[in-house]
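The values are calculated or read from the model by the stated rules, or taken from the named source; none is laboratory data. These numbers come from a predicted model, not from an experiment. FYI the Cβ positions are ideal-geometry reconstructions off the backbone, even for glycines, and counts take in every protein chain you see. These accessible areas exclude ligands, DNA and RNA; they are computed on the full protein's heavy atoms, side chains included. Shrake-Rupley method; radii C 1.70, N 1.55, O 1.52, S 1.80 Å.
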Amino acid sequence: MKDKIPNKERKKAKIRDATQKRRVRKLTLKGCLTAIVIAVMVRQIFMANYENVFMCGLTLVLFAVPLFIDRKLGIDIPPGLEAVVLCFIFAAEILGEVDSFYTRIKHWDTMLHTVNGFLMAAVGFALVDIFNRSEKFAFKLSPFFLAVVAFCFSMTIGVLWEFFEFSMDVI
C-alpha cells in the first residue's frame, strides 16, 4: 500500500508538469503575437491611422476569447487548435487588414477561406468531442457522426460568414 502512494503522487506531478509546459507554450505564442499586435498598434497611432488602431484592439480582444472560454465556461481548448486560431486571427486582422495582404497578395482571401474551413471543422469536431467526453450526456457518438457534424458545422459557419460579407459589401 505504501508503494502505491508515491506512484499516484508521481502521476499527479507528471500531469501537473505537462499542464505547466502546455501553458508555457500557449503563453509563448500568444505573448509573441500580442507583442507584435501592440507594436503594430503603436505604429498605427503614430501614423494617425485610427481604423487600423481599432483593428489591432479588436485583435487583442479576439486573442482573449480562448482564455475567456477556458476560465468562464470551463472548456479546455486543445493547444494545437488554440494556436491555429490565434495564428488565423493574426493573419486575417493584422496581416490581411492592417498590412493590406488582401490587396497585395493575390490569393490571400482564398487562402484564409480555405484555412477557415478546416479550422471550423476542427472547432466543430472539438465541440462534439467535448460533449462526447462529458459525463452530463449519457450517449456516446460514433466517429462517423463526429465527422459529419464537424463537416456540417464548418459549412454552416462558412455560409453564415459569406452572408455577413455580402451584407457588409452591400451596405
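Assorted remarks:
- Legend: translational diffusion of the stretch 118-171 by Stokes-Einstein, Rh = Kirkwood radius over C-alpha pairs, 10 °C, 1.306 mPa s; D = 129 µm²/s.
- The stretch 17-171: proportion of alpha-carbon pairs further apart than 26 angstrom, %: 37
- Surface accessible to a 1.4 Å probe, Ser167 within the full protein complex, Å²: 40
- A simple spin-label model places pseudo-atoms 7 Å from Cα toward Cβ; at Val148 and Ile171 they are separated by 3.6 nm.
- For the set Glu135, Glu162, Glu93, the ranking by accessible area, highest first and with no ligand, DNA or RNA atoms included, is Glu135, Glu162, Glu93 under a 1.4 Å probe.
- Placing Ile36, Ile94 in order of accessible area, with the largest value first and a 1.4 Å probe, yields Ile36, Ile94.
- Chain lengthening between Thr114 and Val61 when straightened (0.36 nm per residue, less Cα-Cα): 16.7 nm
- At most 12 other Cβ within 10 Å, DSSP loop - trypsin sites (Lys or Arg not before Pro), the stretch 68-171: Lys106, Lys136, Lys140
- Net lengthening on full extension, Thr103/Phe46 (0.36 nm per residue, minus Cα-Cα): 18.2 nm
- Using distinct alpha-carbon pairs, which all enter the 1/r mean, Kirkwood radius of the stretch 85-159 in Å: 13.8
- Computed over the stretch 23-93: relative contact order in percent, which uses C-alpha pairs under 8 Å that are six or more apart: 36
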